[in-house]
Each structure stands twice: as C-alpha cells, then as structure tokens.
Amino acid sequence: MKNLVFKNFIINALGILFSRVLGLIRDILIALFLGAGLYSDIFFVALKMPAFFRRIFAEGAFNQSFLPNFTKVKKRGAFCVGVLYQFSIIVFLFCLLVSFFSSFFTKIFAFGFDEETIKLASPLVAINFWYLFFIFIVTFIAALLNYRQKFFITSFSSSLFNLSIVIAAFFVDKNNPHETLYYFSYFIVLSGIAQLILHIIVFYNNRILKAMKLSLKFRKTKTNLKSFYGNFFHGILGSSATQFSSLLDTTIASFLITGSISYLYYANRIFQLPLALFAIALTQVAFPKILKYLKSNQEELALEFMKKALAFLSILLIFSSMIGIIFAKEITKILFERGNFSNEDALITAYVLIAYLLGLLPFGLQKILSLWLYAKFKQKTAAFIAFKALILSALCSIVFILFIQDEKNKILAVALSSSISAFYLLLANIKEFGFKKFFSLISWKFCILFFAIFALVVILLLEFKTNIIFVFVYIFEFIKGIIQ
C-alpha cells in the first residue's frame with residue numbers, strides 16, 4: 001500500500017512536471033510576444049478569471065467537499081448525478097452571465113484599469129471564461145478517477161492547456177499583440193474541450209459511471225446534497241486561500257505602474273512550479289488515503305501517514321526555496337529576457353519571485369495540514385482561517401505600499417504580503433490540528449541532521465554558483481538552437 005501511494009505520487013508529480021515545463025515554455029512565448037506591459041496585463045487578467053474559479057472547482061472547495069461526502073453517502077450514483085446536474089447548470093449560467101456583463105466582471109478583477117483598457121480586456125474575458133465550463137466537468141470526472149487511484153490521465157491532461165498556447169504561437173504575429181490575444185484565448189477554450197474528451201474516454205468503462213447510468217435509468221437521482229453544499233460554500237474560502245491571495249495581488253497591482261500584473265504573474269508562475277510539483281501532487285494523492293483511514297477509525301495510521309508526508313514535503317520545499325532565492329535573477333533572465341521582455345523586467349520579476357519564495361514552505365505545509373480539517377468536515381473552520389489570512393495580506397500590502405516611495409518597489413510589497421499571510425495560514429492550521437499532535441510528528445534528530453546537510457548544500461551552491469549558471473545557460477542555449 002505504501003508503494004502504491006509513492007507510485008501515485010510519482011505519477012502525479014511527473015504529470016504536473018510535464019505540464020509545468022510546457023507552462024514555462026508557454027510563459028516564455030507570452031513574454032516574447034506580449035512582454036510586460038499593457039497587452040500582457042490584459043491577457044493575464046483575462047486568464048486569471050477562469051483560472052481562479054478553476055482552482056475553486058478543481059484543487060479547491062469542490063474537490064475537498066465532494067470526496068468526503070462521496071465516501072459517506074450510500075447512493076453514490078445518485079449523489080454523482082445530482083452534483084453533476086446541478087453544478088453544470090450553475091457553471092453554465094455563470095459563464096453566460098460573465099459573457100453578457102464581461103466589462104463589469106473585468107472591472108472587479110482589475111479595478112485599477114481605466115475605461116479604455118477595460119474595453120480592450122472585456123471581450124477576452126468573455127472568451128476565456130468558457131474554459132471554466134468544460135474544465136468543471138473534467139474536474140468532476142477527475143475526482144472520481146482519483147478516488148479509484150487513477151491519477152495518470154488527470155495529471156497529464158492539464159498539459160493540454162499549456163500546449164494550446166504553444167500551438168497558437170505558430171499562428172500569431174509578434175508585431176500584432178492585439179490579434180495575438182484572441183488567438184491565445186480561443187486556443188485556451190479548445191484545450192478545455194480536448195481535456196473533457198480525453199477524460200470521458202477514460203471514464204467510459206468505470207464502475208461509478210455504471211452506477212450513474214442506473215440512477216438515471218430508474219430515476220433514483222434524488223439524494224440529499226445539503227451537507228455537500230454546506231461544506232462547499234465554507235470550503236470556497238478555506239481551500240482556495242492561495243487563489244484568493246493571488247486574485248487580491250492582481251487587483252492591488254492594477255493600481256500600480258504598468259507591467260505590475262505581469263511581474264506578479266511571471267514570478268508566481270515560477271513559484272507555482274515547486275508548489276504544484278510537490279505540495280499539490282502530494283495532497284491530491286494523500287487526501288483519499290487520509291479519508292479512508294479516518295472513515296475506518298484508523299487515526300493512528302492517518303497520523304503516521306501525515307508524519308511522513310510532512311517530512312518529505314518539508315525537505316523538497318526548503319531546498320526549492322533556497323535554490324530559487326539564490327538563482328532568482330538567473331532564472332528570470334534565462335526564461336523570459338528576450339523579445340519584448342527587457343533586462344529591467346527580468347530583474348523586477350526576480351525580486352518579486354524572491355518575495356514569493358519566502359512563503360513557499362508555509363504555503364505547502366498548510367495544504368497538507370488543511371486536509372485534516374477537510375477530512376474531519378471542518379470546512380467552516382478552514383474558511384475563517386483563510387478569510388483572516390486574506391485580510392492580513394491586504395492590510396500588509398496597503399501599509400507597505402503607503403510607506404514605500406519607489407513605484408517599482410511597491411510591487412514587491414504585494415508579493416511579500418502574500419508570504420506573510422502564508423505563515424499565518426500555517427500557524428492557524430497547526431493550532432486547529434493541535435500543537436501537541438503536530439510536534440509529535442516531528443523527529444528532532446532528523447531535523448538537526450537535515451539542517452546540517454542543508455547548510456552545507458547552500459554553501460556549495462553559493463561557492464559554485466557561477467559554474468552552475470554557466471552549465472544551465474549552455475544547456476538552455478543548446479536546446480533553443482535545436483528548436484530553432
């Protein structure tokens with residue numbers, strides 16, 4: 001069973017890694033064609049809206065509320081039919097609403113945009129938002145496949161989103177950024193359709209699908225969804241803290257200098273690589289396992305599993321943070337400094353990345369600890385914790401911005417505030433989990449040994465930084481030469 005969990009984590013992590021590598025290629029192309037200015041800010045706002053709600057319906061509140069209730073109900077087929085039917089209608093109507101009132105919703109997500117910029121952005125928001133409808137159904141099917149310990153298709157299919165923009169890049173003109181925005185947007189919606197088709201094919205012969213068919217055939221679709229909706233609405237805040245924080249960052253950045261939204265986006269994309277590769281991949285695999293342990297009253301096994309997960313994740317995230325901070329400038333220069341993306345843009349993005357990376361460890365660890373709350377049906381508690389973290393992040397951003405004189409440095413305050421809120425999230429989750437229980441999961445001898453090795457690795461990285469950079473630049477240029 002332990003080997004199965006590790007195998008599923010590796011499969012999930014490889015799928016996410018493949019998707020994120022394509023995502024970096026995608027961002028390199030976006031930087032090449034749109035740079036860091038008006039058009040890139042518009043595109044990222046248009047992209048942010050469906051991405052934000054996708055996180056709620058995918059890694060966020062929907063998944064964390066659906067699986068606990070799914071394991072609890074007796075009529076699982078009827079439960080699935082009811083949730084799919086009701087949510088599909090809600091999401092479809094929401095997409096229609098955004099399409100008809102795209103200017104209004106664009107203003108909410110980028111309150112600092114002027115009327116001319118809103119006019120340019122709103123049609124793109126209307127197009128991109130339809131991606132949400134297709135990806136919700138994908139998320140629903142993926143949750144059921146994950147429960148059946150099938151992670152391969154879900155983890156690898158997300159790469160289709162990034163691949164769509166890579167393909168679209170072959171049809172665009174670098175000198176016509178406005179037209180490029182529309183190409184990118186239409187291809188994003190097509191990627192949602194492609195992901196849905198792929199999941200339907202895999203899900204077709206699944207046992208849960210047969211139960212859903214029987215429920216429809218005999219009209220046994222009536223089931224109580226009150227508990228699910230209660231957990232879901234509380235979970236919107238509780239399990240989507242990172243997404244709400246990112247949305248808040250974008251809104252505040254829209255009031256700052258042109259390009260601020262883009263700097264945050266590019267830095268956050270790099271930040272999200274280790275977070276998704278390690279924290280999200282592990283939580284997706286761990287959540288069904290913890291649920292099953294607690295359902296069968298095996299709390300000691302659940303705690304032992306949590307102990308190993310926390311130790312494993314801590315090692316990966318600490319090393320990722322240090323490597324990212326040490327090589328931040330080189331990473332942003334290698335990835336983005338070309339075309340319309342200048343050297344100054346790369347430097348600002350690097351400093352924003354460092355500010356984000358300070359919160360990588362607490363953001364990742366709180367994801368694991370929050371699983372305990374969701375498995376215990378404490379979505380309401382998680383919601384209050386996240387709401388307080390959002391207020392803290394907003395207040396810190398406002399205070400820092402008011403006291404910082406340099407306009408270019410104000411964007412750093414936004415990222416730093418996000419990291420500060422991450423530490424609060426972690427401490428609040430530990431408090432709910434129980435300080436005594438949490439510290440019982442820590443091996444202090446292991447910690448001392450780990451930090452000794454960690455210090456040695458950091459010293460070696462700093463000592464041989466120039467040589468390491470030279471090797472990576474050479475490899476990158478070699479790959480770029482092959483592609484060209």
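Annotations
- Convex hull volume of the C-alpha atoms in the range 238-335, normalised per residue: 102 Å³.
- Packing-based order for 188-195, 37-44, using average beta carbon neighbours within 10 Å, highest first: 37-44, 188-195
- Taking Lys and Arg as +1 and Asp and Glu as -1, the other residues whose beta-carbon sits under 9 Å from that of Ala346 total -1.
- Calculated FRET efficiency, Leu32 to Phe255, Cβ-Cβ distance, R0 = 30 Å: about 0.65 to the nearest 0.05.
- Under 19 Å from the Cα of Lys408 - aspartates and glutamates, other chains or at least 8 residues apart: Asp41, Asp249, Glu337, Glu344, Asp345
- Two-site FRET efficiency, Ser103 against Ile193, from Cβ-Cβ distance with R₀ of 25 Å, rounded to 0.05: 0.45
- Shape of the range 97-138 from the C-alpha gyration tensor: prolate (a/c of 1.5 or more and a/b above b/c, with a ≥ b ≥ c the square roots of its eigenvalues).
- For the range 125-140, Karplus couplings with θ = phi - 60° (6.51, -1.76, 1.60), whole Hz, Gly/Pro x: 4, 4, 5, 4, 5, 5, 4, 4, 4, 5, 6, 5, 5, 4, 5, 4
- Ranked by the mean number of other Cβ atoms within 10 Å per residue, highest first, peptides 333-345, 134-146, 90-102 order as 134-146, 333-345, 90-102.
- With a simple spin-label model that places each label point 7 Å from the Cα along the Cα-to-Cβ direction, the separation between Lys307 and Lys74 comes to 3.8 nm.
- Cross-link pairs exceeding 18 Å in C-alpha to C-alpha distance, out of Lys75/Lys376; Lys380/Lys436; Lys48/Lys107; Lys308/Lys388, comprise Lys75/Lys376; Lys380/Lys436; Lys308/Lys388.
- The length gained by stretching the chain between Phe111 and Leu427 to full extension, at 0.36 nm per residue less their Cα-Cα distance, is 110.6 nm.
- Surrounding net charge for Ile401, when Lys and Arg each add one and Asp and Glu each subtract one, Cβ distance under 13 Å: -1
Where a number appears in this text, it was derived from the coordinates with a stated rule and is not lab data. Bear in mind the structure is a predicted one, so any value in this text is a computation, not a measurement. Cβ: placed from backbone, ideal geometry, glycine included. Neighbour counts: every protein chain shown.
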